[in-house]
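What follows is a set of notes on a single structure, which appears directly below.
The values are calculated or read from the model by the stated rules, or taken from the named source; none is laboratory data. Every value quoted in this text rests on a predicted model; they were computed, and no experiment measured them.
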Amino acid sequence: MMTEFREESDSLGEVKVPADKLWGAQTQRSLLAPIIGYDKAAQIAHHVMDNDLTLKEAALKLGFVTEEQFDSLVDPAKMVKPFY
């Protein structure tokens, strides 16, 4: 199954966000920033766009976090329902 994306943009430019997600470009870029820093988070965002990957795929491919770290940090359910 192919993931569909939509283009979102902010002051840094465009970024692909999974079409079924409710957040925009800044959230897509900043999910991991508090842990790995803004520069690495921005690299991940660009890698997502350039290679048509999900955030998780790009973060793991670049080696900035392990799968376990990513899964513990990024919880999409909390991003759309903070009190879930």
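May I ask you to list the residues in the range 55-69 that are within 23 Å of GLU7 (Cα to Cα) and at pLDDT 85 or above?
Step one: of the range 55-69, the residues within 23 Å of GLU7 (Cα to Cα) are 55-62.
Passing the criteria: LYS56, GLU57, ALA58, ALA59, LEU60, LYS61, LEU62.
Residues being modelled with pLDDT under 75 and more than 11 Å from the chain's Cα centre (by Cα) are entirely absent from the range 14-21.
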